[in-house]
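Read the structure below first, then the notes.
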Amino acid sequence: MNGPVVGVVGAGAVGQVLAAGLVAAALPGRLVVVSRRTEQARGLVADLEDMALSVRSLTRVQAGEVADLRGCDAVVVALRGLPPVSGLVKR
């Protein structure tokens with residue numbers, strides 16, 4: 001395997017775009033997708049594997065668990081933020 005191992009935490013909209021960009025550019029040698037919604041992570045991995053084939057990316061993609069992030073060279077956290085709370089910021 002060539003290239004770094006990158007972990008993406010979160011398989012929502014931000015995680016999907018980030019992971020797709022990494023696979024399309026073939027930046028990591030291996031991409032580990034972790035999400036509290038394991039089915040969503042597996043679905044994203046299936047889509048990314050198809051994409052990797054179509055763009056001839058050498059990136060290997062896998063769904064993982066939090067423990068799998070230990071061996072990563074980099075981890076990107078792409079979690080949903082909380083909505084803004086009005087009234088907390090004085091103008």
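The values are calculated or read from the model by the stated rules, or taken from the named source; none is laboratory data. Keep in mind that this is a model prediction, so the values were computed, not measured. Note: ideal-geometry Cβ built from the backbone for every residue, glycine included; neighbour counts use all protein chains shown. Each accessible area value is taken on the protein alone, full model and side chains, heavy atoms only, with ligands, DNA and RNA left out. Shrake-Rupley method; radii C 1.70, N 1.55, O 1.52, S 1.80 Å.
Ellipsoid semi-axes for the chain, based on the Cα gyration tensor and the rule √(5λ), read 27, 14, 13 Å when sorted largest first.
A simple count of charges around A63, restricted to other residues whose Cβ falls under 15 Å of its Cβ and scoring Lys, Arg +1 and Asp, Glu -1, yields -1. Local charge for V45 was computed over the other residues whose Cβ lies under 12 Å away, with Lys and Arg +1 and Asp and Glu -1, and equals -1.
Of the accessible area of the chain, with the probe set at 1.4 angstrom, what percent is carbon plus sulfur? So the carbon and sulfur contribution to the accessible surface is 56 percent. In the chain, the DSSP-assigned H stretches of four residues or longer account for a calculated mean residue ellipticity at 222 nm of -11000 deg cm²/dmol, using -39500 (n - 2.57) per stretch and the full residue count as denominator.
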